[in-house]
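Quick notes on the structure that follows.
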Amino acid sequence: MREWIELVNSDWHGHLGHGPDQDRLDNSQWLAKFLASSGLPRVDPRTETVQGALKKLRGLLKRIVDSCLAGKPVSDADLAAFNRYLANEPVHPQVRRQNRSMRMELTTSGKGLEAVLFSLSASVADFLIQEDVGRLRACANPNCRWIFFDATRSRTARWCGATCRSLIKVRAHRHRRKSEVRSKRADNTKKSRKRL
């Protein structure tokens, strides 16, 4: 369960480098869809309490992700704050299928906002413990910077998706082309000056 990555990416910036930034947590329709598609407990996404609590958790998760991306340990203060989210709910272990194997997962019997916050935090904890944190990436598009999990065999993914990859490649091509044109113009200018 990597829904928490979508939560971190909900502070959306246009990958083109222009256009308005969006905090998708302020959009109750987006938030309702996110909660439903993630299988998280039902809460009313239109309340400021829900939006504010998710923004607070997102801020903490961003700091944790930034530490992971920088190859640094998570700060003691952030770890303590994170553990408070995990301590808020009564939980019980459940065995779940994962592809062809089984894994144990902690689930909450609680309901409402606290259960949502616990479920998201538990998925982050599971990721930090079970997954290869070195595969966590920030998109190389400086206007995007979305967080994603690099599932490639070579572990060399740089872009969150095809759109950013194409955009940056097109920009690089145009930059090279402009440089070539400038260089040719400079050469032509030098040649014409020599003739004079």
Report summary line: Residue pairs qualifying under the 8 Å Cβ cut-off, at least six apart or on distinct chains, with the first in region 73-98 being part of a loop (DSSP other than H, G, I, E, B) and the second being hydroxyl-bearing (S, T, Y), are P73/S67; V74/S67; S75/S67; E89/T108; E89/S109; P90/T108; P90/S109
Report summary line: Here the qualifying pairs (Cβ atoms under 9 Å; residues six or more apart or on different chains; first in region 142-153 and over 16 Å from S10 (Cβ atoms); second part of a strand (DSSP E or B)) come out as F149/L136; F149/R137; D150/L136; D150/R137
Query raised in the report: Which residues, counting only those in region 37-63, are of a type in the set (S, T, Y), open to solvent by less than 70 Å² (accessible area, probe 1.4 Å) and out of contact with any Asp or Glu (no Cβ under 8 Å at 6 or more places or on another chain)?
Result: T47
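Output the residue which, of all residues in region 147-169 that are in a loop (DSSP other than H, G, I, E, B) and not hydrophobic (A, V, I, L, M, F, W, C), is least open to solvent (accessible area, probe 1.4 Å). Break it down into steps so the answer makes sense when it comes.
Step one: of region 147-169, the residues in a loop (DSSP other than H, G, I, E, B) are 150-161.
Pick out the ones that are also not hydrophobic (A, V, I, L, M, F, W, C) and you get 150, 152-156, 158, 161.
Values: D150: 1, T152: 56, R153: 227, S154: 77, R155: 99, T156: 91, R158: 134, G161: 26 Å².
Restricting to residues being in a loop (DSSP other than H, G, I, E, B) and not hydrophobic (A, V, I, L, M, F, W, C), the top hit is D150.
Would you pick out the residues in region 133-146 that are in contact with a Phe, Trp or Tyr (Cβ under 9 Å, 6 or more places away or on another chain) and outside any helix (DSSP H, G or I)? Explain how you work it out, then say what you get.
Just the residues of region 133-146 that are in contact with a Phe, Trp or Tyr (Cβ under 9 Å, 6 or more places away or on another chain), to begin with: 133, 135-141, 144, 146.
Selection gives L136, R137, A138, C139, A140, N141, C144, W146.
Can you go through V124, V65, V50, V116 and tell me which one is more than 17 Å from the chain's Cα centre (by Cα), part of a helix (DSSP H, G or I), closer than 17 Å to R2 by Cα and touching a residue at least 40 places away in the same chain (Cβ under 8 Å)? Even if it seems obvious, please write down each step before you answer.
Details: V124 fails: more than 17 Å from the chain's Cα centre (by Cα); V65 fails: more than 17 Å from the chain's Cα centre (by Cα); V50 fails: closer than 17 Å to R2 by Cα.
Every option except V116 fails the conditions.
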Report summary line: Subset of region 135-175, residues over 23 Å from R58 (Cα atoms), of a type in the set (K, R) and modelled with pLDDT of 80 or more, comes to R153, R155
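Are any residues in region 97-110 open to solvent by 90 Å² or more (accessible area, probe 1.4 Å) and either modelled with pLDDT of 80 or more or among the acidic types (D, E) (or both), and if so, which ones? Please lay out each step first, then the result.
Here is the first cut: in region 97-110, the ones open to solvent by 90 Å² or more (accessible area, probe 1.4 Å) are 97, 99-100, 102, 104, 106.
R97, N99, R100, M102 - these are the residues of region 97-110 that are open to solvent by 90 Å² or more (accessible area, probe 1.4 Å) and either modelled with pLDDT of 80 or more or among the acidic types (D, E) (or both).
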Requested in this report: Examine region 1-18 for a residue that is more than 20 Å from A140 (Cα to Cα), open to solvent by 80 Å² or more (accessible area, probe 1.4 Å) and aliphatic (A, V, I, L, M), and state whether such a residue exists.
Outcome: yes
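Go through W4, W30 for me and flag whichever is among the aromatic types (F, W, Y), more than 16 Å from D126 (Cα to Cα) and not in a loop (DSSP other than H, G, I, E, B).
On the way: W4 fails: more than 16 Å from D126 (Cα to Cα).
From the options W4, W30, the qualifying one is W30.
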Query - Residue check for D66: open to solvent by less than 30 Å² (accessible area, probe 1.4 Å), acidic (D, E) and closer than 26 Å to L31 by Cα - result: no
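Any idea how many residues of region 103-128 are under 22 Å from D66 (Cβ atoms) and either in contact with a Gly (Cβ under 8 Å, 6 or more places away or on another chain) or among the polar types (S, T, N, Q) (or both)?
2
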Report task. Return yes or no: is S10 of a type in the set (S, T, Y) and touching a strand residue (DSSP E or B) at 6+ places or on another chain (Cβ under 8 Å)? Result -> yes
Query - In region 127-141, the residues that are among the β-branched types (V, I, T) and touching a residue at least 24 places away in the same chain (Cβ under 8 Å) - result: V133
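The values are calculated or read from the model by the stated rules, or taken from the named source; none is laboratory data. None of these values were measured; they are calculated from a predicted model. Note: ideal-geometry Cβ built from the backbone for every residue, glycine included; neighbour counts use all protein chains shown. Ligands, DNA and RNA are stripped out before the accessible areas are found, and what is left, the full protein with its side chains, is counted by its heavy atoms. Shrake-Rupley method; radii C 1.70, N 1.55, O 1.52, S 1.80 Å.
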